[in-house]
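Asker: Take this structure first; my questions come after.
The values are calculated or read from the model by the stated rules, or taken from the named source; none is laboratory data. Note that the coordinates shown come from a computational prediction; the quantities given were computed from them, not determined experimentally. As a convention, Cβ positions derive from the backbone with ideal geometry for all residues, glycine included, and neighbour counts pool all protein chains shown. Side chains included, ligands, DNA and RNA excluded: accessible areas come from the protein's heavy atoms. Shrake-Rupley method; radii C 1.70, N 1.55, O 1.52, S 1.80 Å.
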Amino acid sequence: MKKTRLVLYMKNILINGDMSAKAFHNLDVFLKKEIENGVKIFVLMDKNTRQHCLPYVLKQCPELKKATDYFITAPGEAYKNLETVVSIWNALSAENATRNSIFINLGGGVICDMGAFAASTFKRGMRFIQIPTTLLAMADAAIGGKTAIDFNNLKNQIGTFAEAEKVIIDEHFLQTLPENELRSGFAEIIKMAIVKGPKEFDLLRNQTYKEISDWQPWIEMAVSEKEKIVQKDLTEKNIRKRLNLGHTFGHAFESLALERELPLTHGEAVAMGLVCDAYLSVKYEHITSRRQKRIEDYILQQFPYFKISAADTMTMLFRMRQDKKNKADAVRSTLITPKEILFDVEIPDTDIVDTLAYYRALAVS
Ligand code: NAD
């Protein structure tokens, strides 16, 4: 794959390559001007990104040292909730933040989703910048303007569509990312390669995530593919739904894990969701079982299998019925075909149960 070192997409998405610090320089110049005009800057991060990412950012972008305040949360999905957002709103109010202030999210998908939600709702929406620090956030969460928090143990139940002023992507942050988090982000890259088409997936499956040393081409593939779709359908009225591939089942796996306090990353859940969608796609005769097996084998070769019981099947069905993508009570999911990803496909409960039975059988096969 061709290497490009600094890419500026149509929207303000800047990818910082290891040969250039231009993206952060761009941010530094931008912030200097804003601060000179009296604009207040706020930075949200979690304990880990404060330790591993903030020192690098301050070196690359010294203007950030003049931020009005830094907000630090505990890490993890369990804190992507209203309580944390209320504490952010309280802190912003105490600092007299205005709609013209700038809110910077330095972190993974949790920080990017939650910080963007807090910013996009404060005083009807303040400006925000995403600096994703996980592979998942670089390739997916920080792009495309979806903000969210979890509610009542359900993923992303409350949220807005709001576009970031800028997104700064720098694979330098991946150096300190734990391996399971890197693999988690890889699931969204696999998804994006399947969405792009069989050729892209075949190119990707030549290697495992452990064999990839330069992530930039794959991040660029995912970002450009997502941007192309989001430009046409920001608010997910139609084609953006293709990006939900693996997510109907994935969110149900994730909610189950959250409820049971079992460790399961978002990407691991999506990977299991992709296995389920691939099975449904062959069941509905859209793809060959050879293609389904290629997807399934590639995923199970790299991701830990998440075990569920027969009783979990009904809990997951209940969760899936509550998914935002559904109309009335019927579960809607995405399916893979040779040419495109079908979305809004109504899946009868019997087929959900059958898919989960197939998935459970993989534990012993
Ligand atoms: P995360 O944000 O919880 O980060 C994973 C862990 O890595 C955390 O402990 C974090 O502190 C730590 N970390 C982050 N950067 C690090 C670094 N550079 N070095 C060391 N540690 C680091 O998880 P995630 O997988 O990035 O994001 C998952 C979230 O993204 C989910 O809530 C999901 O719903 C959301 N998401 C949103 C979208 C969207 O379009 N908005 C798309 C996909 C996923």
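Asker: Give me the residue from region 109-129 that is under 10 Å from the mean Cα position of the chain (by Cα) and open to solvent by 10 Å² or more (accessible area, probe 1.4 Å) and, out of that set, farthest from the ligand (Cβ to nearest atom).
Answerer: Per the stated criteria, the residue is Asp113.
Asker: So which residues in region 285-311 are among the acidic types (Asp, Glu) and open to solvent by 10 Å² or more (accessible area, probe 1.4 Å)?
Answerer: Listed by number, the residues that qualify are Glu285, Asp297.
Asker: Check off (1) assigned to a helix (DSSP H, G or I); (2) buried (at least 17 other Cβ atoms within 10 Å of the Cβ); (3) touching a residue at least 40 places away in the same chain (Cβ under 8 Å); (4) not aromatic (Phe, Trp, Tyr) for Val282 and give me the number that stays unchecked.
Answerer: Only one criterion in (1) assigned to a helix (DSSP H, G or I); (2) buried (at least 17 other Cβ atoms within 10 Å of the Cβ); (3) touching a residue at least 40 places away in the same chain (Cβ under 8 Å); (4) not aromatic (Phe, Trp, Tyr) is unmet by Val282, namely (3).
Asker: Filtering region 98-108 down to residues that are farther than 19 Å from Leu82 by Cβ and more than 10 Å from the ligand (Cβ to nearest atom), which residue is surrounded by the fewest Cβ atoms within 10 Å (Cβ to Cβ)?
Answerer: Arg99
Asker: Find the residue count for region 130-146, including only residues that are of a type in the set (Ser, Thr, Tyr) and open to solvent by 10 Å² or more (accessible area, probe 1.4 Å).
Answerer: Residues flagged as of a type in the set (Ser, Thr, Tyr) and open to solvent by 10 Å² or more (accessible area, probe 1.4 Å) within region 130-146 amount to 1.
Asker: Filter region 187-214 for residues that are within 16 Å of the ligand (Cβ to nearest atom), over 15 Å from Gln292 (Cα atoms) and not small (Gly, Ala, Ser) and give the result.
Answerer: Within region 187-214, Glu188, Ile189, Met192, Tyr209 meet the criteria.
Asker: Among the helices (runs of 4 or more DSSP H) contained in region 1-94, which hold 3 or more residues that are modelled with pLDDT of 95 or more, away from the ligand (no atom under 16 Å from the Cβ) and not β-branched (Val, Ile, Thr)?
Answerer: Once the helices (runs of 4 or more DSSP H) in region 1-94 are filtered for at least 3 residues that are modelled with pLDDT of 95 or more, away from the ligand (no atom under 16 Å from the Cβ) and not β-branched (Val, Ile, Thr), what remains is 22-36, 82-94.
Asker: Moving on. So which of Ile295, Ile287 ends up being within 24 Å of Thr265 (Cβ to Cβ) and in contact (Cβ under 8 Å) with a residue 12 or more places away in the chain?
Answerer: Of Ile295, Ile287, the one residue that is within 24 Å of Thr265 (Cβ to Cβ) and in contact (Cβ under 8 Å) with a residue 12 or more places away in the chain is Ile295.
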